[in-house]
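Here is the structure we will look at.
The values are calculated or read from the model by the stated rules, or taken from the named source; none is laboratory data. Keep in mind the model is a prediction, meaning the values are calculated, not measured. Here Cβ is always computed from backbone atoms with ideal geometry, including for glycine, and neighbour counts include all displayed protein chains. Surface accessibility is based on the protein's heavy atoms, side chains included, excluding ligands, DNA and RNA. Shrake-Rupley method; radii C 1.70, N 1.55, O 1.52, S 1.80 Å.
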Amino acid sequence: MELPRGMRDIESKESSKIEYVRQKFIETSTLFGFQFMEPSPIELLSVLETKSGPSIKNEIYHFTDKGDREIALRFDFTIGLTRFATSQKSMRLPAKISTFGGVWRYDEPQKGRYRFFHQWDIEIYGEPNVESDAEIIDFTSKFLSSLGLENVVIDVCDRELVESYVKNVFNTDSPDIIGDILRAVDKIQKKRKQDIVREYQEKGYSVPELEKILDFSEIKGSPTEIEQRIDTTQIKNWDKILRLFETLQNRNVDNIRINFGIVRGLDYYSGIVFEVFERNFDVGALVGGGRYDTLTRAFGRNDLGATGAAGGVERIALLLEKQQVESNNKKPRVSVVFVNDDMQKIAINIASKLRLEGIATDVELSGKSLKKQMEIASDSKYVIIIAPKEYAENYVILRNMENGSETSIKIDSVLNEIKSNLEL
């Protein structure tokens, strides 16, 4: 009776946090005009390989179905949404799509990462421009703020900027070498510099050139701070970074920082990229995203650009707990209790009517004593007590569980004016 490795049951406390994140995500999606949809949880393996190549098999759940087709469980939402968007020839552009749900990855389980987990995802499809990139980052900032999270920083960069620097330092146009060095840059956020140098030295890379790249990747700050450190006139796409920074400031996004170490690990990113961190949180990036026009081209749409972001919900839930953010999204509850067995049927009837009025209501089903019912009802805002004497006179007792006060109230009044009487 054990679960497969990397899987777990999501109990009420964690489920409540996930639902809190989901509700805030949908609210923010509506504010920004994103259209919510649910892409298929199962894809053809060949579709997933379009994004990440045949080696993706080692990182996902895939199998042959009864029709002898090679299929796989989705490992993120970008591939499904992009497959959908590129197939919609008459779709109005720019198309802004959002989604939320579970994904599966055959990763090594660790803190904040399981083999089944939840993600939120937003994508914009249309003509490539900096404002679309800014819209994604603006959404991310406001969404995390709506959750009540603090001390969050958004690190932005441009993939072409770093690629150009690598080409100049290593004097190469080889995609394999450039990709390999970009993976080294991506590791600087997670591993010690000397460990990366040792790893790449064993691969045959020149240490001085590699160290120059890694030193470059550690540069971060505002445009002014970076311009004081290096000659940005020699940096490709520095003007694009400045435009992005300026439009984000115009959008009142003030928790942004340029970071030349942000390139994102996936090879299909092609422009602006970003990652989001809590400055003192040690489980990695909360959100990652950027422009990936190469993926839409891989699906046959050279006319369609794409930019987006995704965040791990379980990691966000851990941060909510760490920062002690109140994420209880439950409605105030009412309990209906009864003095004796004769009153149980009446209590259930009243509870049913309260539920029809949209009031979250509990009632004892197994005939426990009044004392035990009151103990169970301790988390309710109000308790309605059904007692023989009061009921004979068409009254019930209403107890305020916050201050312990009690009052008698007519049953008709409870049923007809429930929301005003209970202040819910």
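Per residue, the solvent-accessible area of the range 90-136 (1.4 Å probe, heavy atoms of protein chains only, all protein chains present) comes to 44 Å². Solvent exposure of the range 143-243 amounts to 51 Å² per residue of accessible area, where only protein heavy atoms count and the probe is 1.4 Å. The Cα atoms of the range 271-320 define a convex hull whose projected area, averaged across directions, is 4.1 nm². For the residues 118, 62, a 1.4 Å probe over the protein chains yields an accessible-area ranking, largest first, of 62, 118. Sequence-ordered 3J(HN,Hα) estimates for the range 31-40 from the Karplus curve with 6.51, -1.76 and 1.60 and θ = phi - 60° stand at 4, 8, x, 7, 8, 7, 8, 10, x, 4 Hz, glycine and proline given as x. Pairs from the list 190/240; 13/322; 353/381; 13/187; 381/410 with a Cα-Cα gap above 22 Å: 190/240; 13/187.
For the range 51-148, the equivalent ellipsoid built from the Cα gyration tensor has semi-axes of 28, 21, 11 Å, listed from largest to smallest. Dipole size of the range 61-220 about its Cα centre, with +1 on Lys/Arg Cβ and -1 on Asp/Glu Cβ: approximately 600 debye, rounded to the nearest 20. Three principal axis extents of the chain based on alpha-carbon atoms, in descending order, are 93, 57, 47 Å. Share of the chain's accessible area from carbon and sulfur, percent, 1.4 Å? Whole-percent figure for carbon plus sulfur exposure: 46. Ligands, DNA and RNA aside, residue 399 has an accessible area near 70 Å² when probed at 1.4 Å. Computed packing ranks the peptides 400-407, 377-384 as 377-384, 400-407, most packed first, by mean other Cβ atoms within 10 Å. Just need log10 I(q)/I(0) for the range 316-424 at q = 0.12, 0.19 Å⁻¹, Debye formula, equal scatterers on the alpha-carbon atoms, no solvent, rounded to two decimals. Results for the range 316-424 at q = 0.12, 0.19 Å⁻¹ read -0.43, -0.92.
The alpha carbons of the range 1-113 stretch over 46, 39, 24 Å along the principal axes, in descending order.
Taking the Cα centre of the range 368-419 as reference, the dipole from Cβ charges on Lys and Arg (+1) and Asp and Glu (-1) amounts to some 180 debye. Its residue count N fixes a reference of 2.2 N^0.38 Å for the range 163-309, and the Cα radius of gyration divided by that reference is 1.09.
Looking at 110, 32, 72, which one has the Cα that reaches farthest to the positive end of the dipole of the chain (charges on Cβ: Lys, Arg +1; Asp, Glu -1)? Final value for the positive-end residue is 72.
Heavy-atom accessible surface of residue 192, to the nearest 10 Å², is about 140 Å², with a 1.4 Å probe and all protein chains retained.
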